[in-house]
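Let me begin by presenting the structure, written as structure tokens, before commenting on it.
Please treat every number below as a calculation from the coordinates, not as lab data. All values derive from a computational prediction rather than experimental measurement. Note that we place each Cβ from the backbone using ideal geometry, even for glycine, and neighbour counts take in every protein chain shown.
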Amino acid sequence: MRICNRCGKEIAGQTVILSDPVLSGTYCTDCHNRVVSKFLGIDFEHVSFEPVQIKDSYGKKHTFYFETELVPTGRSIEAYERLKVDKGGYKFSILGDFDCDPRVLYSQLLQRIRKALKQKHLEKNDWDKSFSLSDIVRGRIGYDHELDGPLILIDGKSFSLDDFGRMLMTFEGFQFRLEFIDLTEEVK
Ligand SMILES: [Zn+2]
């Protein structure tokens, strides 16, 4: 449990830790935005968005929580799931200008999430409950705190590098192209 240094409340969502000598502290995103916008002299309108449930292509419902954050390059909105086991889950982010309309940015993000959740990159093998990869895979590189190593996230599910390696063997002998895309960009 983390307490925000500014409002003194327990932080339910994302925690922002600032190490800048003037602004240093642990903040909830709301307080972080207030502290930073005041420091930068930016008029920051804080808009919060209610959680939204979206069904994925496997028929599973996902609840997305939203957080707006003021970052050095503008305003970002992040959508993420709050899972009991903090491994995996979907995560999306979008970046707009400082003076963009947060509601427009939010609807663009929502559109992107709906589109992404319609995609299906995994096929479940009934006989051993393992997954096979489709011939185009979009995913995210996460971090496994327990194993202190990479976590491969595909369709909101997490895989160790070993699991992912085994899944790759379906394509033994094939070539591939790997491209790294910032979290705020849409993966086409
Ligand atoms: Zn706070």
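Stretching SER160 away from GLU10 to a fully extended chain increases their span by 50.9 nm, per 0.36 nm per residue minus the current alpha-carbon distance.
On full extension, the segment bounded by ASP128 and GLU179 gains 15.3 nm, given 0.36 nm per residue less the C-alpha separation. This model, with +1 at the C-beta of Lys and Arg and -1 at the C-beta of Asp and Glu, gives the chain a dipole about its Cα centre of some 560 debye. Per-residue ellipticity at 222 nm computed for the chain from its helices equals -6000 deg cm²/dmol, with DSSP H segments shorter than 4 residues left out and the rest contributing -39,500 (n - 2.57).
Excluding same-chain neighbours fewer than eight residues apart, the aspartates and glutamates reachable from LYS118 by a Cα-Cα span under 13 Å are ASP56, ASP155. The GNM of the chain, with springs linking C-alpha atoms under 10 angstrom apart, assigns the highest mean-square fluctuation among ASP163, ASP20, ASP155 to ASP20.
Direction-averaged projected area, Cα convex hull, the chain: 12.6 nm², rounded to one decimal. Largest mean-square fluctuation among LYS87, LYS118, LYS38, in a Gaussian network model of the chain whose springs join Cα atoms under 10 Å apart, belongs to LYS38.
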